[in-house]
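A short write-up of the structure that comes next.
The values are calculated or read from the model by the stated rules, or taken from the named source; none is laboratory data. All values reported here derive from a predicted model rather than from experimental measurement. Note that we place each Cβ from the backbone using ideal geometry, even for glycine, and neighbour counts take in every protein chain shown. Accessible surface is based on the protein model in full, side chains and every heavy atom, while ligands, DNA and RNA are left aside. Shrake-Rupley method; radii C 1.70, N 1.55, O 1.52, S 1.80 Å.
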Amino acid sequence: MTDDVADKLAAVNERIRAACSDAGRPPDAVTLVAVGKAQSDERIDAALEAGQRIFGENYVQEAQARWRTRRRHYPDVELHMVGPLQSNKAGDAVALFDVIQTLDRPKLASALRKEIDKQDRSPRLYVQVNTGEEPQKAGIAPDELDAFIARCRDEHGLAIEGLMAIPPEGEEIALHTAFLRKLADRNNIERISIGMSEDYETAVRFGADLVRVGSAIFGPRPRKE
Ligand SMILES: *Cc1c(COP(=O)(O)O)cnc(C)c1O
């Protein structure tokens, strides 16, 4: 059940390189974040054995259980939080993650600041943007983004490495990627995280720096979230 993970991972990496080449970007311009939510640990192990080191997780507890021991065996693993983060989990998240991609409200910014000081540990931070302005979706509305970033920087002293978005299903990923890039440029932010299994190649062509890919590597998620 897991021996196909290495093949799928290699195929995704190859497609990312091809998309970079199409777009005239360097072959290593893009970071692949392998998203393991709801996948079996065996599949994660298969990806580790195949050389993947950058992983995304959606739930703090699932990530703690999975990575506590694996990290000792693979100290060069880099963990990204890509799921919604409650402020009361900020301490656990700062302790565990190297990158938090889902900073999406002032209360969380202030909780992260406190934990960063307390733990003397600074995960790199991405602000999640609701580019589709969907009422049910997390993320800062585009027209509130500049003020939120200013507040993160000035009030909380947080450095923002990138912007992250989960565009609405069925909408043109190219437009959302270009829009997210524009929002990043306007705020002097370098990196954008956008693109998943269905659309990562297009996202790469239109300038994504990080893509977050789950099922195209690990197969369909066995349990419903
Ligand atoms: C699940 C998830 C992904 C990966 O989705 P796939 O369609 O399986 O590639 C990427 N980003 C976020 C935020 C997710 O929750």
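Evaluated against (1) among the polar types (S, T, N, Q); (2) under 20 Å from Leu210 (Cβ atoms); (3) in a helix (DSSP H, G or I), Gln64 falls short on exactly one condition, (2). All conditions but one from (1) open to solvent by 20 Å² or more (accessible area, probe 1.4 Å); (2) closer than 24 Å to Ile149 by Cα; (3) near the ligand (Cβ under 10 Å from one of its atoms); (4) not aliphatic (A, V, I, L, M) apply to Asp199; the one that does not is (2).
What is the residue count in segment 55-77 for residues that are of a type outside the set (Lys, Arg) and either open to solvent by less than 30 Å² (accessible area, probe 1.4 Å) or under 15 Å from Val5 (Cβ atoms) (or both)? Please lay out each step first, then the result.
First pass over segment 55-77, keeping only residues of a type outside the set (Lys, Arg): 55-65, 67, 69, 73-77.
Imposing the further condition that a residue be either open to solvent by less than 30 Å² (accessible area, probe 1.4 Å) or under 15 Å from Val5 (Cβ atoms) (or both) reduces the set to 55-58, 60, 63, 67, 77.
Count: 8.
Gln61 falls short on exactly one of the conditions (1) within 28 Å of Ala203 (Cα to Cα); (2) within 16 Å of the ligand (Cβ to nearest atom), and that condition is (1). Number of residues in segment 33-57 that are in contact (Cβ under 8 Å) with a residue 60 or more places away in the chain and either under 30 Å from Lys107 (Cβ atoms) or under 12 Å from the mean Cα position of the chain (by Cα) (or both) equals 7.
For residues in segment 1-47 being over 23 Å from Arg205 (Cα atoms) and among the small types (Gly, Ala, Ser), which is surrounded by the most Cβ atoms within 10 Å (Cβ to Cβ)? Can you show your working first?
Pass one, segment 1-47, residues over 23 Å from Arg205 (Cα atoms): 1-6, 36-47.
Filter once more, keeping what is among the small types (Gly, Ala, Ser): 6, 36, 38, 40, 46-47.
Values: Ala6: 16, Gly36: 25, Ala38: 17, Ser40: 16, Ala46: 23, Ala47: 22.
That would be Gly36.
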